[in-house]
Amino acid sequence: MSKILAIIGTSNTGKTSIIEYLVTNLVKKGLTIGSAKHVHHPDFSIDLDGKDTWRHANAGSKRVVCLSEDEVAIIRKEKGPEYKLEDILKLFQDEEFDLIILEGFHWMVSSRKEVLKIVTAKDVEDAEKRLNGTIPPILAITGKISNILRGKSIQKIPIIDLKDESDQLLDLIMEQVLPTAGN
Amino acid sequence: MKSQQKKFKLIKFKETLSRMEKTIPNNPLEDKKIKSVRVLRRVLTEDVIAEKALPDHDFAAMDRYTMRTQNIQNTSENNPVKLNNTGELYPSNHPTKASIGASEAIYAVCDAPIANGVDAIIKADNQADKYHAVPSKKHLSILKNLVGANGYAITPTSIEKNKNSIIDIKIFGGLEFFNIMS
């Protein structure tokens, strides 16, 4: 059973950078990672206008699968906001993942106790807004807030500066993903 | 007074109009397509209609005040509108039965649900002079008449080109919120 970790916070608080850092280092530790991101922009498409796959979809294909040497892309012409957490997790079912990292999806995970959470915040006020109504486990608070409150905590949740305390963050995740890690 | 009356002879309205029409060239200015962010203090030639909802789902894409268009239509720096901030919504409030009343605003945190009746949103920003207005929800025309009523203009085509952009019309500088939460 994969563990799920959601990185939640408002835009421009460093969610993607943290995920980039975590994936890089957790993969080095031998973990198999999957990740998903929520995009707010209505016209977003990972496809490129005018490309063959785009033409398939534009003609009406509900699902377009593109296979190349090193990548298989599946484009589902569906409404992302209508997905539930379980629907997202189904997309990872065909392989065993140690950890599935979600970027965003706060509304989906805030009341889910099986989802680990890391909050990114600019300042204390920002952090408190993200924490409001969000249930544990919340492993850490990070982002710009750590520049002003390094080593402190909010609601007993540690504020971690990724620049200098990144190992601490990795350890917190490893303890959850692999409870026996380090033994 | 008498000497002034001798100097300035009064003329009839029709004659005044006739003189003005002869003096002022009858060639109205042509409309011009410009970026929406450069429209402040220009004259609107057509209503501005947001053809696309941003976001296209009913939860907030950023921290923002949500409200009703009809309550802010005539807002300007010289004509501030006062809205009661009646509450806050968080992602954990999904799904919500909250609704918004007349002259009310609800603060919605990023990823929080949008209250029923909301059709306009203003991005919350620490600096009061940097409010942004963006359309919310489907089939919305929140900018219809809004800009024109205040003498500011956006050409509709510039919105189409920038339909994913935040429309910074800056006329909300006078908007005030009263927080009546406990």
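Take A:PHE105 and decide whether it is touching a residue at least 60 places away in the same chain (Cβ under 8 Å), more than 25 Å from B:PRO95 (Cβ to Cβ) and of a type in the set (Phe, Trp, Tyr).
Details: touching a residue at least 60 places away in the same chain (Cβ under 8 Å): yes; more than 25 Å from B:PRO95 (Cβ to Cβ): no; of a type in the set (Phe, Trp, Tyr): yes.
So A:PHE105 fails the test.
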The range A:61-95, residues that are in a loop (DSSP other than H, G, I, E, B), surrounded by 10 or more Cβ atoms within 10 Å (Cβ to Cβ) and acidic (Asp, Glu): A:GLU78
Criterion violated by A:ASP43 - all others in (1) part of a loop (DSSP other than H, G, I, E, B); (2) touching a Phe, Trp or Tyr at 6+ places or on another chain (Cβ under 6 Å) satisfied: (2)
Looking only at the range B:86-114, and only at residues there that are under 13 Å from B:ARG68 (Cα atoms) and surrounded by fewer than 18 Cβ atoms within 10 Å (Cβ to Cβ), the one that is farthest from the other protein chains (Cβ to nearest Cβ): B:ALA102
Restricting the range A:117-136 to residues that are surrounded by fewer than 23 Cβ atoms within 10 Å (Cβ to Cβ) and outside any helix (DSSP H, G or I), the residue that is nearest to the other protein chains (Cβ to nearest Cβ): A:GLY133
Exclusive hit being in contact with a Gly (Cβ under 7 Å, 6 or more places away or on another chain) and aromatic (Phe, Trp, Tyr), set A:PHE97, A:PHE105: A:PHE97
Test: B:PRO80 is within 14 Å of another protein chain (Cβ to nearest Cβ), surrounded by 10 or more Cβ atoms within 10 Å (Cβ to Cβ) and at pLDDT below 70: no
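Please find, among B:ARG64, B:ARG68, the residue that is closer than 24 Å to A:ALA127 by Cα and modelled with pLDDT of 60 or more. Steps first, please.
On the way: B:ARG68 fails: closer than 24 Å to A:ALA127 by Cα.
When all the criteria are applied, what remains is B:ARG64.
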Residue that is nearest to the other protein chains (Cβ to nearest Cβ), among those in the range A:25-44 that are in contact (Cβ under 8 Å) with a residue 40 or more places away in the chain and under 15 Å from A:LYS3 (Cβ atoms): A:ALA36
Enumeration of residues in the range A:45-84 that are within 14 Å of chain B (Cβ to nearest Cβ) and either among the polar types (S, T, N, Q) or touching a residue at least 60 places away in the same chain (Cβ under 8 Å) (or both): A:SER45
Number of the condition not met by A:GLN168 [criteria: (1) part of a loop (DSSP other than H, G, I, E, B); (2) out of contact with any helix residue (DSSP H, G or I) (no Cβ under 6 Å at 6 or more places or on another chain)]: (1)
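For the range A:103-113, indicate whether the set of residues that are part of a strand (DSSP E or B) and under 17 Å from A:SER11 (Cα atoms) is non-empty. Give the steps one after another, and end with the answer.
To start, the set of residues in the range A:103-113 that are part of a strand (DSSP E or B) comprises A:103.
Of the ones still in play, those that are also under 17 Å from A:SER11 (Cα atoms) are A:103.
Yes.
The values are calculated or read from the model by the stated rules, or taken from the named source; none is laboratory data. Given the structure is predicted, the values throughout are model-derived calculations rather than measurements. Positions of Cβ are backbone-derived with ideal geometry, glycine not excepted, and every protein chain shown enters the neighbour counts.
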